[in-house]
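*Asks:* Have a look at this one.
The values are calculated or read from the model by the stated rules, or taken from the named source; none is laboratory data. Computed from a predicted structure; not experimentally measured. With ideal geometry, Cβ positions are generated from the backbone for all residues, glycine too; neighbour counts draw on all protein chains shown. Note: accessible area is taken over every heavy atom of the protein model, side chains too, but ligands, DNA and RNA are not part of it. Shrake-Rupley method; radii C 1.70, N 1.55, O 1.52, S 1.80 Å.
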Amino acid sequence: MQFEKPILLVTFNRPDTTKKVLEAIANVQPKKLYVFSDAPREGNENDTVMVGAVRDLFMNLNWEVELHTKFENRNLGCAKGVSSAISWIFETEKQAIILEDDCLPNNAFFDFCSQMLDRYENSDQ
């Protein structure tokens, strides 16, 4: 059974940690996965390589998923990049679980988030 809540994964230039987070996400197999990838910093060749490696991780996912990607062409930085990613998902989705590329969730985390999203869906606080 696939996980019903959409998940947003915010990434940058850490393919090793992103791969682990993606594996955790794959364990619950969400129906919808949104991936935001900030662009390399201008003139930073290492960023160019690492951001490319991160983006490649999403090219062949091993479950049936509606994949949405927003791969920036210009580096937005932490503040603008993350806020842009969050605004992007809520243009389409009413609720979502938001992860960054360096926080490693387990299955219980996803279950808890799903329950809390349902419980507080109509809350105005």
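*Asks:* Which number in (1) assigned to a helix (DSSP H, G or I); (2) open to solvent by 80 Å² or more (accessible area, probe 1.4 Å); (3) within 30 Å of SER123 (Cβ to Cβ) marks the one condition that GLY81 misses?
*Replies:* It fails just one condition, (2).
*Asks:* Run HIS68 past the list (1) surrounded by fewer than 17 Cβ atoms within 10 Å (Cβ to Cβ); (2) touching a residue at least 60 places away in the same chain (Cβ under 8 Å); (3) touching a Phe, Trp or Tyr at 6+ places or on another chain (Cβ under 8 Å) and report the number of the one that doesn't hold.
*Replies:* Condition (2) is where HIS68 drops out.
*Asks:* Would you please list the contacts, defined by Cβ atoms under 7 Å and residues six or more apart or on different chains, that run from a residue in segment 98-125 that is among the aliphatic types (A, V, I, L, M) to a residue that is open to solvent by 80 Å² or more (accessible area, probe 1.4 Å)?
*Replies:* Pairs found: LEU104/LYS20.
*Asks:* Under 8 Å between Cβ atoms, which residue pairs at least 6 apart in sequence (or on different chains) link something in segment 12-23 that is under 12 Å from PRO105 (Cα atoms) and polar (S, T, N, Q) with a partner that is open to solvent by less than 90 Å² (accessible area, probe 1.4 Å) and in a loop (DSSP other than H, G, I, E, B)?
*Replies:* Final answer for the pair search is THR17/ASP101; THR18/LEU57; THR18/ASP101.
*Asks:* For segment 84-93, which positions are surrounded by fewer than 13 Cβ atoms within 10 Å (Cβ to Cβ) and in contact (Cβ under 8 Å) with a residue 12 or more places away in the chain?
*Replies:* Answer for segment 84-93, where residues must be surrounded by fewer than 13 Cβ atoms within 10 Å (Cβ to Cβ) and in contact (Cβ under 8 Å) with a residue 12 or more places away in the chain: just THR92.
*Asks:* Here's something else I'd like to know. Only residues that are under 17 Å from LEU104 (Cα atoms), open to solvent by 60 Å² or more (accessible area, probe 1.4 Å) and assigned to a helix (DSSP H, G or I): list them for segment 26-45, please.
*Replies:* Listed by number, the list holds a single entry, ASN27.
*Asks:* I'm checking my understanding of the structure. Among residues of segment 1-25 that are open to solvent by 20 Å² or more (accessible area, probe 1.4 Å) and of a type in the set (A, V, I, L, M, F, W, C), which one is nearest to ALA96 (Cα to Cα)?
*Replies:* That would be PHE3.
*Asks:* So the check is Cβ under 8 Å with 6+ separation or different chains; which pairs have a first residue in segment 44-61 that's within 14 Å of ASN75 (Cα to Cα) and a second one that's of a type in the set (Ser, Thr, Tyr) and crowded, with 17+ Cβ neighbours inside 10 Å?
*Replies:* Filtered contacts from segment 44-61: VAL51/SER37.
*Asks:* Here's another thing I want to ask about it. Please verify whether segment 40-52 includes one or more residues that are at pLDDT 95 or above, in contact with a helix residue (DSSP H, G or I) (Cβ under 9 Å, 6 or more places away or on another chain) and under 23 Å from GLN2 (Cβ atoms).
*Replies:* No, there is no match, as no residue in segment 40-52 is at pLDDT 95 or above, in contact with a helix residue (DSSP H, G or I) (Cβ under 9 Å, 6 or more places away or on another chain) and under 23 Å from GLN2 (Cβ atoms).
*Asks:* Could you say whether any residue in segment 102-123 is open to solvent by 50 Å² or more (accessible area, probe 1.4 Å), closer than 17 Å to ARG14 by Cα, touching a strand residue (DSSP E or B) at 6+ places or on another chain (Cβ under 9 Å) and modelled with pLDDT of 95 or more?
*Replies:* Among the residues of segment 102-123, not one is open to solvent by 50 Å² or more (accessible area, probe 1.4 Å), closer than 17 Å to ARG14 by Cα, touching a strand residue (DSSP E or B) at 6+ places or on another chain (Cβ under 9 Å) and modelled with pLDDT of 95 or more, which makes the answer no.
*Asks:* Quick check: is even one residue across segment 84-100 among the hydrophobic types (A, V, I, L, M, F, W, C) and touching an Asp or Glu at 6+ places or on another chain (Cβ under 6 Å)?
*Replies:* Checked against the condition, which is being among the hydrophobic types (A, V, I, L, M, F, W, C) and touching an Asp or Glu at 6+ places or on another chain (Cβ under 6 Å), segment 84-100 yields no hits at all.
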